[in-house]
Amino acid sequence: MSFELSIKNDQEDKTLVHPNSNGGTEQLYRELKARIDPDLFDKFNIIPSRVREDMFDDRPTILWLHDLPEDPESAMLANAEYRKKFDKIVFVSNWQRDAYNRVLGVPLDEGIVIKNAIEPIMDARPDPIPDQPIRLTYFSTPHRGLSLLYPALHVLRQHRQDFTVDIYSSFELYGWKDNDAAFQELFDKLSGIDGVKLHGTVMNAKLRNELIHTDILAYPSIYQETSCRVLIESMCAGLLPVIPNYAALTETACDFAFMYEWSSNPQKHVELFTSVLNHAMDCFRLPFYQNVLKMQRSYYQYFYGWDLRAAQWTAMLTKMLENK
């Protein structure tokens, strides 16, 4: 099913505030809906993060949170009476659940953690070819760390020529293409670096195919992720991620990524990221890391695949019906 058809079908779904968006929240909602028994799914009102009063009906209501507790949309959850509107709150990471407890006082036992999922990337990866350029990628909206990727690549290009970079970055995925204008100068600077190619937004199927032929995720995130589809897809495809230990990235990456200490100081952050990215490129082809990446792929294909996650959702929904 294409994203266009999925979006068209979502027009009558009142639980999506942005039915025309292909953002992570909207994709996850469509994917969950496609994998749960329709008779079971339709017995519940599942609201993904953004709540509007006209979304409620007489079915049990589940709030599936993807946002941060600091988001204005989440503020009402500090009110215990407001939380009674929901029969269940689902968090997408333990980090997110703890953050809602810390920031808004949501008791830990008022929610359940069911992590995000993807359709596993099962295509075979070709073995690394000696003396071929190492392929890096960044595929997320520009405000999540692209401004730090530019100076890092600028420095690295002065010291080594053995890499290329594919950048898939735009707000078009969310239907907010006009927001790209604020980053045009950054896009221009990046395109001026030898070996860097900007692709904008592409269909997910094309991107997933490209990931199989890509080596390293270069993601100097400055955004607090409650989960991270970019990271999950990269690790499932067998990329070596270079990321900071920030928000839920640490939990999502387990012990597989090349992780560095996050810093709020942009200059220090760039220095740390550049150093670790340089080291990752040196290590990527070594047999030890190639073996680790094979273990990584197996882990994410199972633990972040929809077969497991749909079973967890089905078990939760079934139990809720039994306990009514």
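What follows is calculated from the coordinates using simple rules that are stated; it is not laboratory data. All of these numbers come straight from a predicted model, not from anything done at the bench. Heads up, the Cβs are rebuilt from the backbone with ideal geometry, glycines too, and the neighbour counts pull from every protein chain shown.
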Checklist entry - Once both labels are modelled 7 Å past Cα along the beta-carbon direction, what's the residue 206-residue 55 spacing in nm? => result 3.1 nm
Item to check | Exposure proxy ranking, count of Cβ atoms within 10 Å, fewest first, for 295, 281, 320 | outcome: 295, 320, 281
Checklist entry - Once a ≥ b ≥ c are taken as the square roots of the eigenvalues of the Cα gyration tensor of region 134-302, is the result rounded (a/c under 1.5), prolate (a/b larger than b/c) or oblate (a/b not larger than b/c)? => result rounded
Checklist entry - residue 42 to residue 76: FRET efficiency via 1/(1 + (r/R0)^6), r the Cβ-Cβ distance, R0 30 Å, to the nearest 0.05? => result 0.70
Next on the checklist: So the label point goes 7 Å from the Cα of residue 182 along Cα→C-beta, right? Which residues of region 265-280 then have their backbone N under 20 Å from it?
Outcome noted: 265-267
Next on the checklist: Full-extension gain between residue 155 and residue 110, please, as 0.36 nm times their residue separation minus the C-alpha to C-alpha distance.
Outcome noted: 11.4 nm
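Distance cut-off 22 Å, Cα to Cα: go down the list 14/85; 177/197; 14/206; 14/177 and report the pairs above it.
Those over the limit are 14/206; 14/177.
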Checklist outcome for this item: GNM of the chain, Cα pairs under 10 angstrom: of 88, 294, 189, the biggest fluctuation goes to 189
Checklist entry - What is the extension gain from residue 268 to residue 283, computed as 0.36 nm multiplied by their sequence separation minus the C-alpha to C-alpha distance, in nm to one decimal? => result 3.1 nm
Checklist entry - Using a Förster distance of 22 Å, how high is the FRET efficiency between residue 87 and residue 307, based on the Cβ-Cβ distance and rounded to 0.05? => result 0.30
Next on the checklist: Taking a ≥ b ≥ c as the square roots of the Cα gyration tensor eigenvalues, with a/c under 1.5 meaning rounded and otherwise prolate when a/b beats b/c, else oblate, which class fits the chain?
Outcome noted: prolate
Checklist outcome for this item: Out of 288, 258, 139, a Gaussian network model of the chain with alpha-carbon springs under 10 Å gives the largest mean-square fluctuation to 288
Checklist entry - Which parts of region 116-145 would a label at residue 291 reach, counting a residue when its backbone N lies under 18 Å from a point 7 Å out along Cα-to-Cβ? => result 127-128
Next on the checklist: Helix-only estimate, please: 222 nm mean residue ellipticity of the chain, summing -39500 (n - 2.57) across DSSP H runs of length 4 or more and dividing by its residues, to the nearest 500.
Outcome noted: -12500 deg cm²/dmol
Item to check | Global form of region 215-324, assessed from the alpha-carbon gyration tensor, a/c cut-off 1.5 | outcome: oblate
Checklist entry - Could you give the angle, 0 to 90 degrees to the nearest 10, between helix 24-35's Cα long axis and the longest principal axis of the Cα atoms of the chain? => result 60 degrees
Item to check | Helix 306-322 vs. the chain, principal-axis angle (Cα, 0 to 90°, nearest 10) | outcome: 20 degrees
